[in-house]
């Protein structure tokens, strides 16, 4: 029985990996059939592991967020908290279009944002908070900035990038302006009071 | 006949004004019936001026964008181009949740983004471009920033504000960080190269 179980595990992992890529590119328009074809398995095999499209998308989302959280936690131990924070911010922005497409597909398939996958964004936000505090302690990010604003900027640049279909160059320049705002240590007197 | 025509013009203006408010708050869930009731006219009067919900929403959107463009053009003559630019950026962000709700209702009603209302966002973008150039000439905004990035930041903060339902205070702090990034005149050496 052992090889069969190992095969099943391999199949499940391959299906998930292919599904992540297919739905990140295609969103709601992508199909489970396409996933099966590209994973080199029959549609029955996909449904044996994931009884519904929604179940498949939930597993893809959980995997995607877990991977992001893992990366954030890895960076939290960095000797250079400033670059670690900015690197992860940039990574989340670059990752956003695919992630938003998967979330859209999940929601369109009747996915429950409060279910298993719903907890993940909160964990990611907390992981960003840890990187922020460390970057602030290192003097790389302004001390008067709070996670609320940083998260709003993250979500904002990510959504603008996806909505306006910004190319990587414009996205990087936009992120650069935000980084300057976060790193600025002198207040500009000409800036209107908020 | 003259008073009747004037009445009709008054009715049309009142319906539009009420509809702007109703759909900005309610989005797709808001109804033409509610607009008629709050405008103090019969539903038949609404449909005489706007044969479909889509036609009503298109007129609301055109009016909303025209008003924004008008305000931007008024600010373009300001003696203080820096504050004028930042004021309008902040105004667009504060206005965004309502505008996005109207756009959503228009799209859900089968509205064509490439129609009459579709030209308006481009005109608004151009008006922002004029304010940006003037603010840069006045030395209030970094010379190396382009309209593409400024517009991405505008769309981003606006969408984050609506999506995360940020309160006015967090929204203002988020906008403040962007302003610092736009106004920064020294590059921070610790910022990773884009």
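Values as computed for the structure displayed
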read-out	value
Test for residue A:130: is it touching a helix residue (DSSP H, G or I) at 6+ places or on another chain (Cβ under 9 Å), surrounded by fewer than 17 Cβ atoms within 10 Å (Cβ to Cβ) and over 25 Å from residue A:52 (Cβ atoms)	yes
All positions within segment A:152-168 that are buried (at least 22 other Cβ atoms within 10 Å of the Cβ) and part of a helix (DSSP H, G or I)	A:152, A:153, A:154, A:155, A:156, A:157, A:158, A:159, A:160, A:161
Qualifying residue in segment A:80-101 (condition: at pLDDT 95 or above, outside any helix (DSSP H, G or I) and within 28 Å of residue A:136 (Cα to Cα))	yes
All positions within segment A:27-47 that are over 17 Å from residue A:111 (Cα atoms), surrounded by 14 or more Cβ atoms within 10 Å (Cβ to Cβ) and touching a residue at least 24 places away in the same chain (Cβ under 8 Å)	A:39, A:41, A:45, A:46
Residue in segment B:68-77 that is outside any helix (DSSP H, G or I) and on the phi > 0 side of the Ramachandran plot present	no
Verdict on residue B:70 being within 27 Å of residue B:121 (Cβ to Cβ) and surrounded by fewer than 13 Cβ atoms within 10 Å (Cβ to Cβ)	yes
Members of segment A:126-149 that are facing another protein chain (nearest Cβ under 8 Å) and in a helix (DSSP H, G or I)	A:148, A:149
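The values are calculated or read from the model by the stated rules, or taken from the named source; none is laboratory data. Small disclaimer: the values here were computed from a predicted structure and weren't measured. Note that each Cβ is placed from the backbone with ideal geometry, even for glycine, and that neighbours are counted across all protein chains shown.
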